[in-house]
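Notes to accompany the following structure.
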Amino acid sequence: MKYLALLSISLPLASCISTSPPGSDYMAGIRGSVSRPASGGPHHPAPAIPDDVSYWDGDGVSGTPLIKINRREQKAFFYKSGTLVGVSRISSGKEDTGTPPGTYKISQKSKDHKSSAYGVIKDKASGAMVNDNADFRIDKVGPGQVKYHAPMPNFMRFNDGIGMHTGFLPGYAASHGCVRMPHHMSEKFFENVTVGTPVVVE
């Protein structure tokens, strides 16, 4: 479905706005009444396939953090001084908007982020969905309509407009370039990185 791809950003132009309110009705109207289980966070549905991969054993472990993102395996690995302390299932950039390989560093952390480039457009009076995969650089908001920027909780920027954050995981690479994670894993990664933490994308 079209809306699966809207929850990430890809280009340096896609700067973010950090004003995402808790309990946003961003998803409402896409499938009618959408539940928001804890595994999907406050804005996103649960992963499309069971997550038997993700875990965190890093609490109480000290050491210098390092994140490795394996696009082929669709997993992110968290290390502290060389010791693996966590693994997260991910959804990285799809083929035409891939997550570029390379070595980067966390340049920004934002707990309640929103994409400035992507989101949805709804009818203001009824709340009905008008465009569930809007690119605000192209798609215009018409009379009586309102736009909602895509929420990206626990955003960890590492390559211009690309970062890691909570997002929907369909079971394959599907984003605009960002690295989506289950909410509980994005929280752990977010809590344990600092600006300057290395990120290796393979």
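The values are calculated or read from the model by the stated rules, or taken from the named source; none is laboratory data. Computed from a predicted structure; not experimentally measured. Every residue, glycine among them, receives a Cβ derived from its backbone with ideal geometry; neighbour counts consider all protein chains shown.
Residues that are in a strand (DSSP E or B) and in contact with a Cys (Cβ under 9 Å, 6 or more places away or on another chain) were ranked within segment 151-168; the one that is surrounded by the most Cβ atoms within 10 Å (Cβ to Cβ) is MET152.
Among residues of segment 157-202 being among the polar types (S, T, N, Q), at pLDDT 95 or above and over 10 Å from the mean Cα position of the chain (by Cα), the one that is nearest to VAL85 (Cα to Cα) is ASN192.
Can you pull out every residue in segment 107-130 that is of a type in the set (Gly, Ala, Ser) and either modelled with pLDDT under 85 or more than 13 Å from the chain's Cα centre (by Cα) (or both)? SER107, SER115, SER116, ALA117, GLY119, ALA125, SER126, GLY127, ALA128 - these are the residues of segment 107-130 that are of a type in the set (Gly, Ala, Ser) and either modelled with pLDDT under 85 or more than 13 Å from the chain's Cα centre (by Cα) (or both).
Screening the candidates SER115, SER126, SER91, SER81 for the property of being out of contact with any Leu (no Cβ under 6 Å at 6 or more places or on another chain), buried (at least 17 other Cβ atoms within 10 Å of the Cβ) and hydroxyl-bearing (Ser, Thr, Tyr) yields one hit, SER115.
Would you mind stating whether TYR104 is within 16 Å of GLY177 (Cβ to Cβ) and either among the β-branched types (Val, Ile, Thr) or under 21 Å from the mean Cα position of the chain (by Cα) (or both)? Yes: the conditions hold for TYR104.
Contact map, segment 48-77: residues that are on the phi < 0 side of the Ramachandran plot paired with residues that are acidic (Asp, Glu), Cβ distance under 6 Å, separation 6+ or inter-chain. Pairs shown: ASN70/GLU202.
Tallying residues that are in a loop (DSSP other than H, G, I, E, B), more than 23 Å from VAL195 (Cα to Cα) and among the polar types (S, T, N, Q) within segment 64-104 yields 1. Residues of segment 63-73 that are surrounded by fewer than 19 Cβ atoms within 10 Å (Cβ to Cβ) and under 22 Å from the mean Cα position of the chain (by Cα): LEU66, LYS68, ASN70, ARG71, ARG72, GLU73.
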